[in-house]
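Have a look at the structure below before the remarks.
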Amino acid sequence: MAAQNLILYYENYTPVGDVLVMATCMVFIILIHTGFINRTKNFLYLRDMIVLLFFAAMSDILYHVAMNYIGQIPNLLIYLPRACFHLLLFGNLWLYMLYARKPLRLERAANRHYLAISTTAFVLLGVWEMLGTFLRVGFYIDRSGEVHPGIPAFPIGYFFYVILMSVVIIRFRDRVIKQVVFGIGATIGISVLVMTIQQIYGQSSYTVATFLFPIYALLYLVHSNPYDLEIGTINENAFDELIINSYEQKNELLLMSLFMRDFDGSGRKYPREIHGVVRTISTQFFKGATLFQISSGHMILAADTAKNPDYNARAQKLLDVFGEAYPKFRLDYKLVFTKTYNKISAQNDYVGFIHYLHEKMPENSLHRADKNDVRLYLEHKYIVKELADIHAAQDMDDPRVEVYCQPVYNIRTKTYDTAEALMRLRLPETGLVSPDCFIPIAENYKYIHTLTRIILRKTCRQIRLLLENGYNVRRISVNFSTHDVREEDFTATVERIIRESGVTFDKIAIEITESQNEQDFELVKEKMNELKDSGIKFYLDDFGTGYSNFERIMELPFDIIKFDRSLVTASSNDSRMQAMITHMARMFSDMDYAVLYEGVESEEDEARCVGMCAKYLQGFKYSRPIPIERLTDFFEKKAV
């Protein structure tokens, strides 16, 4: 009876299902090679599944064709395609289990556990498939040509793997978004349903076809990266995947970035004429290149240097075409060319690296990145990370923020009784960081107010120690930027820190650079007036470096005007400039402002500044910036 059912089973077979599977697999392979799909390790598993299904369908056809010639051909020619058919499908199920490990983020123990189970099952099923025939406990054909099904290994193995995959997916479902879990689970359920119905009706035509359903789901839900049909770009997520995959496989890429600020975040779309230029650039010059849309105004073209050994010549041709197109559009741009570097690939941060280069570039320029750019960017990232940590900790005694001071010489008393506090950053990996490096970063990321508060607190504490030890301290000035003044609690914070330190307000001065922004000017004026009555002194910093509106200066309650080093230098080279600076300094002195010259480096500078109505002098002639604790080398103790 079993033999009759088996014969009916083979008579019901039609090769249409397997032919369709083979055609579908070929379509998948074509799309994989023409579309953009990153060759990650998991994707390679998926590609191998498709290849196995192609040969499984072919083996199934050969097997059923051979069954028509029982008794006319050696039985081995029937056993071999049948065994290949089942082993290829078991291999496909085993690859499903390998694939599932990464998206489900299995821990090492769970990974080993389920891999061992699936691999053991694959080996046992394969052994049973082959030995069952020869031991005549599985499928075999006797000498009379009668077919015996024996104990069927394939249905047992199939449902075992389905149960195993279901257990793994359900157990670790919280590690993947619900949509993907539902999509994969539903397609597996449909596959099992079709397989079950097929078994009930004695069919085998669509066995391989049911294995395609989960592959459809994985390609669509996980590996799909559709092109923008107008311009040919793919999104940033695909770019991230490409970098990860290239790094893992140690492939070097050439990245060509185009940034056009007119389209970035503005909602404007590229003119159609630009579409044509971009398509030409992205497809004509490099083999296998892919174009990515990072933001609305930022695109990156990536090409494998191994496929393009003459990439420098190709890049020049690209630039020639771009140069010819530019006069037609006259849109501002920034071009960056860079190869991939392991240190940035490991962090998958080329978008951040290129943005960093953009900030340093003028409009309508090209920059070719090199190892020095990489070094500077990694230092920049490290400083940003440390500043973020300092800001988050809000530790006013943070040892990474140090106070240096430059003593100021008082011409009238011929002593050092004032100084300027200077911000320094000492980090574990880089040591002392230049203020020109970290202050712009702190201002850009809005961390500067935290640093200024730390400097103010440490300065006040050191002033108290100096006073307690009998030193004569007139005051120490602290630099504040307009970013500090914009803080809502600026006035209250300054007053609280000084009050808590136990020093009087007249021991602190605030240095502020004149703002050219009308809104900032009004804000600075308001905050200065709020603090003026407390006894705090105010310095106008860097006078002479930019636009100086005397009317505005008169509106602000400054006590000391700091003439910039550039004026000291200019006065040494031009007698007319010296006369003009002298008149300005005398004018300020007549209006009860004290004049301080900074950048004094020689005896000649000192003599000239004294003749130009100086009251205070500051510069390398007297001292370079020193740790604030060393002010004891300059300040004098009060007479007992």
Exercise for review: Could you please tell me which pairs satisfy a Cβ distance under 6 Å, a separation of 6+ or placement on different chains, a first residue in region 413-427 that is over 30 Å from His380 (Cα atoms), and a second residue that is assigned to a strand (DSSP E or B) and of a type in the set (Lys, Arg)?
Suggested key: Thr418/Arg475
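Are any residues in region 458-479 aliphatic (A, V, I, L, M) and touching a residue at least 24 places away in the same chain (Cβ under 8 Å), and if so, which ones? Talk me through it step by step, then tell me what you get.
Our first condition is that a residue be aliphatic (A, V, I, L, M); within region 458-479, this holds for 463, 465-467, 473, 476, 478.
Ile463, Leu466, Leu467, Val473, Ile476, Val478, listed by residue number.
Do any helices (runs of 4 or more DSSP H) entirely within region 525-640 hold 2 or more residues that are under 20 Å from Glu511 (Cβ atoms), and if so, which?
Working: elements: 550-555, 565-573, 575-590, 603-611.
Helices (runs of 4 or more DSSP H) meeting the threshold: 550-555, 565-573, 575-590.
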**Study point:** Pair list, Cβ < 8 Å and 6+ apart or interchain, from region 102-121 residues that are free of Cβ contacts under 8 Å to residues at least 24 places away in the same chain to residues that are assigned to a helix (DSSP H, G or I)
**Key:** Leu115/Met97; Leu115/Leu98
Point to revise | Residues of region 583-605 classified as in contact with a Gly (Cβ under 7 Å, 6 or more places away or on another chain) and of a type outside the set (D, E, K, R), total | key: 2
Review point. Going by the conditions given, is Phe505 crowded, with 16+ Cβ neighbours inside 10 Å and within 20 Å of Met584 (Cα to Cα)?
Key: no
Point to revise | In region 344-360, the residues that are among the charged types (D, E, K, R) and exposed (fewer than 14 other Cβ atoms within 10 Å of the Cβ) | key: Glu359, Lys360
Review point. In this structure, does Glu601 turn out to be more than 24 Å from Gln462 (Cβ to Cβ) and either more than 45 Å from the chain's Cα centre (by Cα) or touching a residue at least 12 places away in the same chain (Cβ under 8 Å) (or both)?
Key: yes
Review point. Only one of these conditions is not met by Pro407: (1) touching a helix residue (DSSP H, G or I) at 6+ places or on another chain (Cβ under 8 Å); (2) surrounded by 12 or more Cβ atoms within 10 Å (Cβ to Cβ); (3) not assigned by TED's automatic domain parsing to the domain that holds Leu466. Which number is it?
Key: (3)
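Would you call Leu115 aliphatic (A, V, I, L, M), closer than 28 Å to Val222 by Cα, outside any loop (DSSP other than H, G, I, E, B) and modelled with pLDDT of 85 or more?
On the way: aliphatic (A, V, I, L, M): yes; closer than 28 Å to Val222 by Cα: yes; outside any loop (DSSP other than H, G, I, E, B): yes; modelled with pLDDT of 85 or more: yes.
Against the criterion (aliphatic (A, V, I, L, M), closer than 28 Å to Val222 by Cα, outside any loop (DSSP other than H, G, I, E, B) and modelled with pLDDT of 85 or more), Leu115 qualifies.
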Practice item. Would you check which residues across region 469-509 are assigned to a loop (DSSP other than H, G, I, E, B), within 19 Å of Leu631 (Cα to Cα) and touching a strand residue (DSSP E or B) at 6+ places or on another chain (Cβ under 8 Å) and list them? Key: Asn469, Gly470, Asn472, Val473, Arg474
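Residues that are out of contact with any helix residue (DSSP H, G or I) (no Cβ under 8 Å at 6 or more places or on another chain), assigned to a helix (DSSP H, G or I) and more than 18 Å from Phe286 (Cβ to Cβ): does region 325-339 have at least one?
Residues of region 325-339 out of contact with any helix residue (DSSP H, G or I) (no Cβ under 8 Å at 6 or more places or on another chain): 326-327, 330, 339.
Narrowing further to those that are assigned to a helix (DSSP H, G or I): 326-327.
Narrowing the set further to residues that are more than 18 Å from Phe286 (Cβ to Cβ) leaves 326-327.
Within region 325-339, one or more residues are out of contact with any helix residue (DSSP H, G or I) (no Cβ under 8 Å at 6 or more places or on another chain), assigned to a helix (DSSP H, G or I) and more than 18 Å from Phe286 (Cβ to Cβ).
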Point to revise | Matching residues, region 163-210, being loosely packed, with under 13 Cβ neighbours inside 10 Å and either in contact with a Pro (Cβ under 8 Å, 6 or more places away or on another chain) or not assigned by TED's automatic domain parsing to the domain that holds Ala56 (or both) | key: Arg175
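Please pick out the residue among Ala315, Ala302 that is part of a strand (DSSP E or B), crowded, with 18+ Cβ neighbours inside 10 Å and either at pLDDT below 90 or in the same structural domain as Lys250 (by TED's automatic domain parsing) (or both).
Values: Ala315 fails: part of a strand (DSSP E or B).
Exactly one residue qualifies, and that residue is Ala302.
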Practice item. Report whether or not Thr40 is at pLDDT below 90, surrounded by 13 or more Cβ atoms within 10 Å (Cβ to Cβ), of a type in the set (S, T, N, Q) and out of contact with any strand residue (DSSP E or B) (no Cβ under 9 Å at 6 or more places or on another chain). Key: yes
Check your understanding: Does any residue of region 350-366 turn out to be part of a helix (DSSP H, G or I), within 28 Å of Ile32 (Cβ to Cβ), under 16 Å from the mean Cα position of the chain (by Cα) and not hydrophobic (A, V, I, L, M, F, W, C)?
Key -> yes
Review point. From the list Val168, Val127, Val147, which one is farther than 24 Å from Tyr63 by Cα and among the aliphatic types (A, V, I, L, M)?
Key: Val168
Check your understanding: Among the candidates Ala492, Ala570, which residue alone is free of Cβ contacts under 8 Å to residues at least 12 places away in the same chain, surrounded by 14 or more Cβ atoms within 10 Å (Cβ to Cβ) and among the aliphatic types (A, V, I, L, M)?
Key -> Ala570
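Out of region 441-460, which residues are among the aliphatic types (A, V, I, L, M) and surrounded by fewer than 21 Cβ atoms within 10 Å (Cβ to Cβ)? Spell out how you get there, then give the answer.
So the first thing to find is which residues in region 441-460 are among the aliphatic types (A, V, I, L, M), and the list is 441-442, 448, 451, 454-456.
Ile441 - this is the single residue of region 441-460 that is among the aliphatic types (A, V, I, L, M) and surrounded by fewer than 21 Cβ atoms within 10 Å (Cβ to Cβ).
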Review point. Among Leu6, Leu20, which is the only one that is modelled with pLDDT of 90 or more, assigned to a helix (DSSP H, G or I), closer than 18 Å to Ser204 by Cα and in the same structural domain as Ala209 (by TED's automatic domain parsing)?
Key: Leu20
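Residue by residue through region 104-123, note down the ones that are of a type in the set (Gly, Ala, Ser), loosely packed, with under 15 Cβ neighbours inside 10 Å and farther than 30 Å from Cys84 by Cβ.
Of region 104-123, the ones of a type in the set (Gly, Ala, Ser) are 109-110, 116, 118, 121.
Restricting the remaining residues to those that are loosely packed, with under 15 Cβ neighbours inside 10 Å gives 109, 116.
Hit for region 104-123 is Ala109, nothing else.
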Practice item. Return yes or no: is Ile512 outside any helix (DSSP H, G or I) and surrounded by 15 or more Cβ atoms within 10 Å (Cβ to Cβ)? Key: yes
Exercise for review: Would you please list the contacts, defined by Cβ atoms under 8 Å and residues six or more apart or on different chains, that run from a residue in region 165-184 that is touching a residue at least 40 places away in the same chain (Cβ under 8 Å) and within 23 Å of Thr119 (Cβ to Cβ) to a residue that is surrounded by fewer than 12 Cβ atoms within 10 Å (Cβ to Cβ) and of a type in the set (D, E, K, R)?
Suggested key: Phe172/Arg105; Arg175/Arg105
Check your understanding: over 43 Å from the mean Cα position of the chain (by Cα) and within 16 Å of Val19 (Cβ to Cβ): does that describe Met58?
Key -> yes
Study note, to complete from the structure: Glu386: passes all of (1) surrounded by fewer than 18 Cβ atoms within 10 Å (Cβ to Cβ); (2) at pLDDT 95 or above; (3) part of a helix (DSSP H, G or I) but (1)
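Return the total of residues in region 122-181 being in a helix (DSSP H, G or I) and either farther than 30 Å from Asn75 by Cβ or among the charged types (D, E, K, R) (or both).
In the first step, residues of region 122-181 are kept if they are in a helix (DSSP H, G or I); the result is 122-134, 153-171, 173-175, 178-181.
With the extra rule that they be either farther than 30 Å from Asn75 by Cβ or among the charged types (D, E, K, R) (or both), the set shrinks to 129, 162-171, 173-175, 178-181.
Residues in region 122-181 being in a helix (DSSP H, G or I) and either farther than 30 Å from Asn75 by Cβ or among the charged types (D, E, K, R) (or both): 18 in total.
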Exercise for review: Test Arg82 against the criterion of being among the basic types (Lys, Arg), modelled with pLDDT of 90 or more and either buried (at least 19 other Cβ atoms within 10 Å of the Cβ) or over 23 Å from Ile156 (Cα atoms) (or both), and give yes or no.
Suggested key: yes
Practice item. Enumerate the pairs (first residue in region 323-342 and within 13 Å of Ile274 (Cα to Cα); second residue anywhere and in a strand (DSSP E or B) and acidic (Asp, Glu)) with beta-carbon separation below 6 Å, excluding pairs fewer than 6 apart on the same chain, so at least 6 apart or on different chains. Key: none
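The values are calculated or read from the model by the stated rules, or taken from the named source; none is laboratory data. Model, not experiment: these values are computed from the prediction. Note that each Cβ is placed from the backbone with ideal geometry, even for glycine, and that neighbours are counted across all protein chains shown.
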